[in-house]
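The values are calculated or read from the model by the stated rules, or taken from the named source; none is laboratory data. These numbers come from a predicted model, not from an experiment. Note that we place each Cβ from the backbone using ideal geometry, even for glycine, and neighbour counts take in every protein chain shown. In case anyone asks, the SASA skips ligands and DNA or RNA and just uses the protein heavy atoms, side chains included. Shrake-Rupley method; radii C 1.70, N 1.55, O 1.52, S 1.80 Å.
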Amino acid sequence: MWAICFRECKDLFKGFKPVLIISILLGMAMVSTRLGAAFPDEIEGVTQKEMYTSGLTLTITLFGILFVFALSHSVVNKEIESKTIRFLVTKTSRNRILLGKFMGTVLFWLIIIGTCFTFITLTSRMFHLTNYIEIMIFLLYSISAAFLLSNTVPKSSQSMFIGLILALAIPGLSLWAYFSERWYIMWLKYVTPYYYTELAFPLQGVPLLFAALFIVLSLYLFKRRDF
Amino acid sequence: MPVIETEKLSKSFSRNEVVSSISLKVEKGEIFGFLGRNGAGKTTFVNMLTGITLPTSGRMLLLNNNNDIDQIKHRVGVLPDYSTFYDHLSAKDHLKYFCKVSGKPAATSKIEEVLRAVGLIGHEKKKVGKFSFGMKKKLGIAQALIHDPELLFLDEPTSGVDAESAIHIQRLILELQKNGKTIFMTSHNLDEVERICTRIAIMKEGHIHSTGTMKELKKKYQTRSRVQIKLSSHIKKEQKENIKNLLFSYSIEWKDSMLLVDVMAEEEIPTIVHALSKEGIDIFAVHVHEPSLQEIFLRQ
């Protein structure tokens, strides 16, 4: 499992897309730390501490799902398409393959977000643990959703297309659901992670339950598959 | 105790039954050849045994482990029918990775030993994207061997490789058998199967049509053997006529001084030789041409 985890994490750092995403996140982290330094007092309910991480939080909130889906929409189906999965499936259990890939993707994001927070910590001289956990909860939800997508959609070209539409639609629809009283849309806020970020602990962790559900569903589908 | 045992193993895709209720036993140390025309269900059967495909029904027992393939994957090596690799990785990186995935340490000496065995030494650092089909096939065999498995499944191990490499692979398979490994292989190369396999199963339309050693298969299908008897070059016309009368129950043919007799069983050969000697006919040589697996296979 660990071999698959480290391979997955290493492979995620390759290519143009991760470089772009890392640059955007680090860029936003830099901008927000400057904001934090420039405005030492609280502005419209945003504390100075929050200001340091606001850029990163905002970027992840708006584009986090897009970033994760762009990198991981084909995490499973690409290996099935290329048939390299046959080598893995004859060497270890299907659970270990999927969990290894999941942990590799989580490790990638832990490193990326960890790097951004290290930079923020060095600038602000404060460690923003709560924000780090909040962002990681949001990303765990997104990663497990990407895994479910990659397990459900057989072709990587299709999962990229569907992933892009979902990644752009989910934030907008969630915002609409958050403010709407209409029955046909308001339920959506309970199944996406945005609503829970406003709540206090332990309700903030509800997206983790969804993440667990997505992973269990992915494992179920993956175990029943012929390669 | 059998290393592979299946009981009524079946696989259907939608309503199409590709493998129908196959019961089979393979003993330790065998090289078991699995034959069949394209679409007979060979690969699907192998894929079920190796965990690539899930059976629709039936039971299988590999290395005495009931149904739970995950428990014995580290003891089994598989060359799948269609092997593609990670183009950006080298042969060495692949073997290192697959070794770790199998839960075994990736020792450099072991990697080199396996690369040497398959004839890929010198190409270990080359990206697999630049490999030829034959080289990929060899790497496929290498990855099946890297974790030192007891049981090997090789799906078409020599298809698409040049003659020299095919011979090299066949020798390697025989060497592996000598080292106590059990090999289950499918092949389209009937000569190869005949030469190296200890037992053979012929599959037809999802069923096992026949199983056995070459000798058993020949007996089962009562295939005739052709006996070539070299007689004196001065043999006379009358003598030929005598022989024809003597062997009236056999189908015979003449090729100059060579007498060709078709027999059903090897046991008939001494009787023929004895009858000729009794007539005072000198016999210079006797050669038995046994039917090839190809001849048996074509009669299925």
Practice task
Select from the stretch B:266-287 the residues that are without any contact (Cβ under 8 Å) to a residue 24 or more places away in the chain and more than 13 Å from B:Gln239 (Cα to Cα) and write down the one among them that is surrounded by the most Cβ atoms within 10 Å (Cβ to Cβ).
Solution key: B:Glu268
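Hey, can you tell me all the residues within the stretch B:73-102 that are assigned to a helix (DSSP H, G or I), in contact (Cβ under 8 Å) with a residue 12 or more places away in the chain and open to solvent by less than 60 Å² (accessible area, probe 1.4 Å)?
Our first condition is that a residue be assigned to a helix (DSSP H, G or I); within the stretch B:73-102, this holds for B:73-75, B:91-101.
Filter again for in contact (Cβ under 8 Å) with a residue 12 or more places away in the chain, leaving B:73-75, B:91-92, B:94-96, B:98-99.
The answer is B:Lys73, B:Ala91, B:Lys92, B:His94, B:Leu95, B:Phe98, B:Cys99.
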Completion exercise
The condition from (1) surrounded by 17 or more Cβ atoms within 10 Å (Cβ to Cβ); (2) outside any helix (DSSP H, G or I); (3) not hydrophobic (A, V, I, L, M, F, W, C) that B:Glu194 misses is numbered (2)
Problem - Every residue from the stretch B:117-149 that is in contact with a strand residue (DSSP E or B) (Cβ under 7 Å, 6 or more places away or on another chain), open to solvent by 10 Å² or more (accessible area, probe 1.4 Å) and under 21 Å from B:Thr186 (Cβ atoms) - result: B:Leu145
Fill in the blank from the handout: The condition of being away from every other protein chain (no Cβ under 14 Å) and touching an Asp or Glu at 6+ places or on another chain (Cβ under 6 Å) holds, among B:Leu35, B:Leu9, B:Leu24, B:Leu61, only for B:Leu61
Exercise for the section: Could you tell me whether A:Leu221 is open to solvent by 40 Å² or more (accessible area, probe 1.4 Å) and within 14 Å of chain B (Cβ to nearest Cβ)? Expected result: yes
Handout entry: Filtered residue count, the stretch A:104-121, keeping only those that are surrounded by fewer than 19 Cβ atoms within 10 Å (Cβ to Cβ) and either within 14 Å of the chain's Cα centre (by Cα) or touching a residue at least 40 places away in the same chain (Cβ under 8 Å) (or both)
Key = 6
Fill in the blank from the handout: Considering residues that are assigned to a helix (DSSP H, G or I) and either facing another protein chain (nearest Cβ under 9 Å) or free of Cβ contacts under 8 Å to residues at least 40 places away in the same chain (or both), the number found within the stretch A:85-103 is 10
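Quick one: which of B:Asp81, B:Asp70, B:Asp93, B:Asp87 is closer than 21 Å to B:Phe45 by Cβ and more than 24 Å from the chain's Cα centre (by Cα)?
Details: B:Asp81 fails: more than 24 Å from the chain's Cα centre (by Cα); B:Asp93 fails: closer than 21 Å to B:Phe45 by Cβ; B:Asp87 fails: closer than 21 Å to B:Phe45 by Cβ.
None of the others qualify; the one that does is B:Asp70.
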Handout entry: Breaking point among (1) at negative phi; (2) within 11 Å of chain A (Cβ to nearest Cβ); (3) open to solvent by 10 Å² or more (accessible area, probe 1.4 Å), for B:Phe153
Key = (3)
